[in-house]
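Structure in structure tokens, see below.
The values are calculated or read from the model by the stated rules, or taken from the named source; none is laboratory data. Values in this document were obtained by computation on a predicted structure and should not be read as measured data. No Cβ is skipped: glycine too gets one built from the backbone with ideal geometry, and neighbour counts run over all protein chains shown. To get the accessible areas, we keep the full protein, side chains included, count just its heavy atoms, and leave off ligands, DNA and RNA. Shrake-Rupley method; radii C 1.70, N 1.55, O 1.52, S 1.80 Å.
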Amino acid sequence: MRCITAPQQWLQNPCDVLVVAVSDQWRNSPLLLELDQSTGGVVTKLIDAGEISTKPNQLTTLYSVIGVA
């Protein structure tokens, strides 16, 4: 597996997997806000519902999220 980082236009780059770290301060992260906006608010809904944890060493897998290349 080849891992790369794509800080610019990262949502438009096709990829097999996208790994995103989420902390308690996620609403202050421009990258997470961009991801949330592009997915129609899926990130906010899942965090608010407790489906995505902001605690360390937690993992949530999302399949086929609309809005992500």
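Counting only heavy atoms of the protein chains, get the accessible area per residue of the chain (1.4 Å probe) and round it to a whole Å² value.
I get 83 Å² per residue for this part.
Probe radius 1.4 Å, ligands and nucleic acids ignored: give me the carbon and sulfur share of the accessible area of the chain as a rounded percent.
53 percent
Still on this model: For the chain, what relative contact order do you get, as a whole percent, if you take Cα pairs closer than 8 Å and at least 6 residues apart?
37 percent
Could you check the simple spin-label distance between Gln25 and Gln9, using points 7 Å along Cα→Cβ, in nm with one decimal?
Between Gln25 and Gln9, the simple spin-label model gives 3.0 nm.
Quick check: with the 1.4 Å probe, what order do Asp24, Asp36 take by accessible area, largest first?
Values: Asp24 115, Asp36 20 Å².
Accessible-area ranking of Asp24, Asp36, largest first: Asp24, Asp36.
Taking only DSSP H segments of four or more residues, each worth -39500 (n - 2.57), what value at 222 nm results for the chain once the sum is divided by all its residues, to the nearest 500 deg cm²/dmol?
-6000 deg cm²/dmol
Now a separate question. Could you tally the net charge around Thr61, taking each other residue with its Cβ under 14 Å from the Cβ of Thr61, Lys/Arg +1 and Asp/Glu -1?
Summing Lys/Arg as +1 and Asp/Glu as -1 gives -2.
Which of the following values of Cα extents along the principal axes in Å was calculated from the structure shown: (1) 30, 25, 23; (2) 36, 32, 17; (3) 42, 26, 25?
It is the one labelled (1).
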